[in-house]
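Following: one structure in structure tokens, then a few remarks.
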Amino acid sequence: MELSPQRRRYLSCLKVGESFWERKLRLRERDKEILELRNQGLTFQSIGQKYGITRERVRVICKRNRGGII
């Protein structure tokens with residue numbers, strides 16, 4: 001069975017001993033990058049493909065961090 005990109009990233013974090021807080025900080029950085037890409041006009045779909053997440057997840061991240069920029 002093929003692992004999803006998200007699951008591979010999660011497992012790689014466990015292998016290198018990344019703490020919960022280090023992972024959380026890295027995710028916040030990812031959210032900032034996602035917002036920047038969205039502000040540049042990229043679609044939810046293209047951003048999702050770049051980060052290995054669904055377009056719906058990208059939409060939720062944008063909405064949560066911006067109060068909705070759809």
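The values are calculated or read from the model by the stated rules, or taken from the named source; none is laboratory data. Note that the structure is a prediction, hence the values are computed from the model and not measured. Please note: Cβ atoms are built from the backbone with ideal geometry, for glycine as well, and neighbour counts cover all protein chains shown. Note: areas computed on protein heavy atoms with side chains; ligands, DNA, RNA excluded. Shrake-Rupley method; radii C 1.70, N 1.55, O 1.52, S 1.80 Å.
Within the range 26-51, residues that are without any contact (Cβ under 8 Å) to a residue 60 or more places away in the chain sit with their Cβ atoms under 6 Å from residues that are assigned to a helix (DSSP H, G or I) and open to solvent by 30 Å² or more (accessible area, probe 1.4 Å), at 6+ positions apart or across chains, in these pairs: Asp31/Asn65; Leu35/Asn65; Phe44/Arg55; Phe44/Arg59; Gln45/Arg55; Gly48/Arg55. Looking at Cys13, is it open to solvent by less than 60 Å² (accessible area, probe 1.4 Å), of a type outside the set (Lys, Arg), modelled with pLDDT under 85 and not in a loop (DSSP other than H, G, I, E, B)? Yes. Among the residues making up the range 16-43, a single one is more than 22 Å from Arg66 (Cβ to Cβ), open to solvent by 90 Å² or more (accessible area, probe 1.4 Å) and at pLDDT 70 or above: Glu22.
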